[in-house]
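*Asks:* Can you keep this structure in mind? I'll have questions shortly.
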Amino acid sequence: MENMAHVKPMEALITCGYVKGYVDAFYTVTCRGGTVRAERAAGCLLEPEVDDLVLICRDEEGRGFILSVLKRRKGEGKSSLCLSGDTVLDIKGGALTVSAERVDLRGRRQLSASAPAIEIKAVKGTALLGELSFLAGTLRGSIGKVMTKIGSMETTAERLIQKVKRCYRDVEDFEETRIGRVRYLVKGMFSLRAKNTVIESEEAVRIDGDKIYLG
């Protein structure tokens, strides 16, 4: 602290000018005193563009820094907030709201979201994924109508329980089911209709009923 007390404060000149070019991280700014070669200050989040009116700070060593973009010369142009290195946006004791006609989130390598609870609301949604891995402890869903078109589907489950009011299935070519044991409990009529029927049993076949009609 004693050494800092003897440091001579540096004087700075504040002026404004128009951006005329950008080369190798330095901007060329034209002001009343001539042309200034300046870099964007760390606190200037809005990236300057050509013909923007900017606020410049010049120190005793002749270095120039763009402190802020005062006015866009092009009017309603695209604005860019630029930060270097790892950046953390931390909101203390409040909420963060981003409102726009359209919001795009882009990650050059990865996009991650982490929270105790995530809620998404939309009238319509579209997802385009090359590969999807989904892991959940419990999945609950309530859907009015589902329409899917799948090239190939494989399902592995320890137990599968399905409850439907009506079930219709149309297999165009071939269906094969391999079951260790099977049991059908039908309250009403059981109807089996085919052009040709083959029933094979290695040991025994039992048909039990009050009346049996053959032929």
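The values are calculated or read from the model by the stated rules, or taken from the named source; none is laboratory data. Not measured: the values here are computed from a predicted model. Every residue, glycine among them, receives a Cβ derived from its backbone with ideal geometry; neighbour counts consider all protein chains shown.
*Asks:* Kindly provide the set of residues from segment 32-41 that are free of Cβ contacts under 8 Å to residues at least 40 places away in the same chain, within 19 Å of Ser80 (Cα to Cα) and surrounded by 16 or more Cβ atoms within 10 Å (Cβ to Cβ), ordered by number. Explain how you work it out, then say what you get.
*Replies:* So the first thing to find is which residues in segment 32-41 are free of Cβ contacts under 8 Å to residues at least 40 places away in the same chain, and the list is 32-39, 41.
From the residues that got through so far, the ones that are within 19 Å of Ser80 (Cα to Cα) too are 38-39, 41.
Within segment 32-41, Ala38 is the sole residue that qualifies.
*Asks:* Restricting the search to segment 63-98, which residues are loosely packed, with under 10 Cβ neighbours inside 10 Å and farther than 30 Å from Ala113 by Cβ?
*Replies:* Gly75, Glu76
*Asks:* What number of residues in segment 42-62 are at pLDDT 85 or above, more than 32 Å from the chain's Cα centre (by Cα) and surrounded by fewer than 16 Cβ atoms within 10 Å (Cβ to Cβ)? Don't jump to the end; show me each part of the working.
*Replies:* Residues of segment 42-62 at pLDDT 85 or above: 42-58.
In the following step, the residues that additionally are more than 32 Å from the chain's Cα centre (by Cα) were identified as 50-58.
So of that shortlist, the ones also surrounded by fewer than 16 Cβ atoms within 10 Å (Cβ to Cβ) come out as 50-51.
Count: 2.
*Asks:* Continuing with the same structure: Kindly establish whether Ile161 is farther than 30 Å from Ser80 by Cα and either modelled with pLDDT of 90 or more or touching a helix residue (DSSP H, G or I) at 6+ places or on another chain (Cβ under 8 Å) (or both). Full working, then the answer.
*Replies:* On the way: farther than 30 Å from Ser80 by Cα: yes; either modelled with pLDDT of 90 or more or touching a helix residue (DSSP H, G or I) at 6+ places or on another chain (Cβ under 8 Å) (or both): yes.
Considered against the rule, which asks whether it is farther than 30 Å from Ser80 by Cα and either modelled with pLDDT of 90 or more or touching a helix residue (DSSP H, G or I) at 6+ places or on another chain (Cβ under 8 Å) (or both), Ile161 comes out as yes.
*Asks:* So, one more: Being within 30 Å of Ser79 (Cα to Cα) and modelled with pLDDT of 90 or more narrows it down to one residue among Glu176, Glu119; which is it? Show your work before the answer.
*Replies:* Numbers: Glu176 fails: within 30 Å of Ser79 (Cα to Cα).
Going through Glu176, Glu119 in turn, just one is within 30 Å of Ser79 (Cα to Cα) and modelled with pLDDT of 90 or more: Glu119.
*Asks:* What pairs come out if I take residues in segment 164-178 that are touching a residue at least 40 places away in the same chain (Cβ under 8 Å) and pair them with residues that are surrounded by 10 or more Cβ atoms within 10 Å (Cβ to Cβ) whose C-beta lies under 6 Å away, six or more apart or interchain?
*Replies:* none
*Asks:* In segment 156-178, what residues are under 21 Å from Ala194 (Cα atoms) and among the aliphatic types (A, V, I, L, M)? Please lay out each step first, then the result.
*Replies:* Initial filter on segment 156-178 (under 21 Å from Ala194 (Cα atoms)): 167-178.
Scanning segment 156-178 gives a single hit, Val171.
*Asks:* Name the single residue, out of those in segment 32-41 being part of a loop (DSSP other than H, G, I, E, B) and among the small types (Gly, Ala, Ser), that is modelled with the lowest pLDDT. Steps first, please.
*Replies:* Quick first cut of segment 32-41, residues part of a loop (DSSP other than H, G, I, E, B) only: 32-33, 41.
If we keep only those that are among the small types (Gly, Ala, Ser) too, we end up with 33, 41.
On the way: Gly33: 75, Ala41: 90.
Only one residue tops the list, namely Gly33.
*Asks:* Of everything in segment 8-31, what is free of Cβ contacts under 8 Å to residues at least 12 places away in the same chain and not in a strand (DSSP E or B)? Give them in sequence order. Even if it seems obvious, please write down each step before you answer.
*Replies:* First, the residues of segment 8-31 that are free of Cβ contacts under 8 Å to residues at least 12 places away in the same chain: 8-9, 23-24, 28.
Once the filter is applied, which keeps residues that are free of Cβ contacts under 8 Å to residues at least 12 places away in the same chain and not in a strand (DSSP E or B), segment 8-31 yields Lys8, Pro9, Asp24.
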